[in-house]
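Read through the structure below, which is laid out as structure tokens, and then see the notes.
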Amino acid sequence: MNLLTSIKERSATVGIIGLGYVGLPLAINFVKAGFTTYGFDVDPEKIKFLEAGRSYIRHIPAEETKMLSSNSGFHPTADFSLLKKVDCIIICVPTPLNRYREPDLSYVLNTTKTIAKYLRKGQLVVLESTTYPGTTDGDMRMVLEAMGKKAGKDFFLAFSPEREDPNNKQYSTGTIPKIVGGYTPACLKVANALYSAVVQETIPVSSTRVAEAAKLLENIYRAVNIALVNELKILFDKMDIDIYEVINAAKTKPFGFQAFYPGPGLGGHCIPIDPFYLTWKAREYDFQTKFIELAGEINNYMPHYVVEKVVDALNKQGKAINHAKVLVLGLAYKKDIDDTRESPSLKLIELLTKKGAKVDYNDPYIPRTRKMRMYNLKKNSVPLSKDTLRKYDCVVIATDHSCYDYDLIVKNASLVVDTRNAASGYNKLGKVIKA
């Protein structure tokens, strides 16, 4: 039986490498669709959680992970030799930047090397991790073909970019259209059939490079527009104009305008990182991506801008930033999730600490910090109460979680620096400074 037939009959076995914010929801969808699914991860704690039916991602309910643990068709494992039992392999690993803001493909390429050891004829290999055009049909293909098998002939190769938006109430993995690009027409046909079994709509494109570029365009579009409103926020603040009122007025136009909102910086795994994959690749073609680089400069400056506002606000109260007690509200990169990847809150804490402030944080979804690639804060979330708030010289709203009682915060804090416009309706006492 060929792979295309077994996919259509749900007898194909699926292996997902990387059980994080992308891989775990994908595994849930394949299991629900009736596919025997292997979930591979190097983190033994994730495997233990899944075997026990527990969720380690806040917006993925325990009911879903309990379904996985009770389903005989799901196998979480750290044993990558089991890849030889899998028909379709999907890679969902990180693609960060290094300290020089250059692409770090080590996770992708090391994973590909592991796959190459167990690769057999007739398998499908799909990359979902965001990267520059040419990764799949260039870097990955060369690694996979090193043992003698040829892509498009002996095995299938494709790229299908993840489009996850954690805690989005309107769209989920199964309802977001899935772009699919194959190395050859046959590769596309097989990959498209696989995803068609678990998502409502697929968008086939002519090549893996088009699919890779489409994902970058999505994130660059957002990064550039967020940079625009961040820059206007700084300008309008000097002009004593409320940027949020301006945006709310502008978005009443029923065509030609989409609202983007400013913040303390960019967070998440995609928008702060992915545009620089294209910037780096463009150098190969002697081309400078000016919009991307300018947007990056503006967005990277925003945490510094917020700190400047904190320093100025404290100064007006006759206090110095040195030895000031500052509480940062929200460690997650956006509201109502537990994801700290590239969170601007981390940069805020670092910058405030360097200026001599004594900084704590509160986040109801992140009780303690963990070691990350760039940060190791070694902090625990402090409880949020009237007494706690009164101990600090300044409270910085960095993430506007829905569960925060902003009336309580403003009433009991001596100073609030609001980066999200979360406390705009509670500023009767004049304590709130927008940043």
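The values are calculated or read from the model by the stated rules, or taken from the named source; none is laboratory data. Please read all numbers here as calculations on a predicted model, not as lab measurements. Positions of Cβ are generated from backbone atoms using ideal geometry, with glycine treated the same way; all protein chains shown enter the neighbour counts. Just the protein is used for accessible areas: all its heavy atoms, side chains included, with ligands, DNA and RNA removed. Shrake-Rupley method; radii C 1.70, N 1.55, O 1.52, S 1.80 Å.
A few comments on the model shown:
- In segment 54-67, the residues that are among the charged types (D, E, K, R) reach residues that are in a loop (DSSP other than H, G, I, E, B) with C-beta atoms within less than 8 angstrom, at least six apart or across chains, in these pairs: Arg58/Asn167; Arg58/Ile337; Arg58/Asp338; Arg58/Tyr365; Glu64/Ser55; Lys66/Gly53.
Residue-by-condition table, conditions (1) β-branched (Val, Ile, Thr); (2) under 21 Å from Met140 (Cα atoms); (3) outside any helix (DSSP H, G or I):
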site: Ala186; (1), (2), (3): no, yes, no
site: Val198; (1), (2), (3): yes, no, yes
site: Arg209; (1), (2), (3): no, yes, no
site: Ile220; (1), (2), (3): yes, no, no
site: Asp237; (1), (2), (3): no, no, no
site: Tyr244; (1), (2), (3): no, no, no
site: Lys253; (1), (2), (3): no, no, yes
site: Pro262; (1), (2), (3): no, no, yes
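- For segment 1-29, the set of residues classified as among the small types (Gly, Ala, Ser) and more than 23 Å from Pro44 (Cβ to Cβ) consists of Ser6, Ser11, Ala12, listed by residue number.
- Taken over segment 130-181, the criterion of being basic (Lys, Arg) and free of Cβ contacts under 8 Å to residues at least 40 places away in the same chain is satisfied by Lys149, Lys150, Lys153, Lys169, Lys178.
- Per-region count, segment 66-81, residues within 17 Å of Ile17 (Cβ to Cβ) and either touching a helix residue (DSSP H, G or I) at 6+ places or on another chain (Cβ under 6 Å) or part of a helix (DSSP H, G or I) (or both): 6
- Candidates in segment 280-324 are the residues that are touching a Phe, Trp or Tyr at 6+ places or on another chain (Cβ under 9 Å) and in contact (Cβ under 8 Å) with a residue 60 or more places away in the chain; of these, the one that is surrounded by the fewest Cβ atoms within 10 Å (Cβ to Cβ) is Trp280.
- Qualifying positions in segment 238-271 - touching a residue at least 12 places away in the same chain (Cβ under 8 Å) and farther than 23 Å from Ile349 by Cα: Asp242, Ile243, Tyr244, Val246, Ile247, Gln258, Ala259, Phe260
- Pro25 closer than 30 Å to Glu284 by Cβ and either surrounded by 13 or more Cβ atoms within 10 Å (Cβ to Cβ) or in contact (Cβ under 8 Å) with a residue 40 or more places away in the chain (or both): no
- Enumeration of residues in segment 317-329 that are β-branched (Val, Ile, Thr) and part of a loop (DSSP other than H, G, I, E, B): Ile321
Each row is one residue, and each column tells you yes or no for (1) out of contact with any helix residue (DSSP H, G or I) (no Cβ under 7 Å at 6 or more places or on another chain); (2) farther than 30 Å from Glu212 by Cα.
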{"residue": "Leu278", "(1), (2)": "no, no"}
{"residue": "Tyr285", "(1), (2)": "yes, no"}
{"residue": "Gly296", "(1), (2)": "no, no"}
{"residue": "Asn299", "(1), (2)": "no, no"}
{"residue": "Glu308", "(1), (2)": "yes, yes"}
{"residue": "Lys319", "(1), (2)": "yes, yes"}
{"residue": "Lys325", "(1), (2)": "yes, yes"}
{"residue": "Lys335", "(1), (2)": "yes, no"}
{"residue": "Lys347", "(1), (2)": "no, no"}
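For (1) farther than 30 Å from Arg373 by Cβ; (2) at pLDDT 95 or above, each residue gets a yes or a no:
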position: Thr184; (1), (2): yes, yes
position: Val190; (1), (2): yes, yes
position: Leu194; (1), (2): yes, yes
position: Asn230; (1), (2): no, yes
position: Ala259; (1), (2): yes, yes
position: Ile273; (1), (2): no, no
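- Residue within segment 106-121 that is in contact with a Leu (Cβ under 8 Å, 6 or more places away or on another chain), at pLDDT 95 or above and within 30 Å of Glu297 (Cβ to Cβ) present: yes
- Of residues in segment 40-99 being of a type in the set (Ser, Thr, Tyr) and over 23 Å from the mean Cα position of the chain (by Cα), the one farthest from Pro166 (Cα to Cα): Ser81
- Residue in segment 85-110 that is least open to solvent (accessible area, probe 1.4 Å), counting only those that are assigned to a loop (DSSP other than H, G, I, E, B) and closer than 22 Å to Thr37 by Cα: Val86
- Count of residues meeting criterion [surrounded by 15 or more Cβ atoms within 10 Å (Cβ to Cβ), of a type in the set (D, E, K, R) and in a helix (DSSP H, G or I)] in segment 52-65: 1
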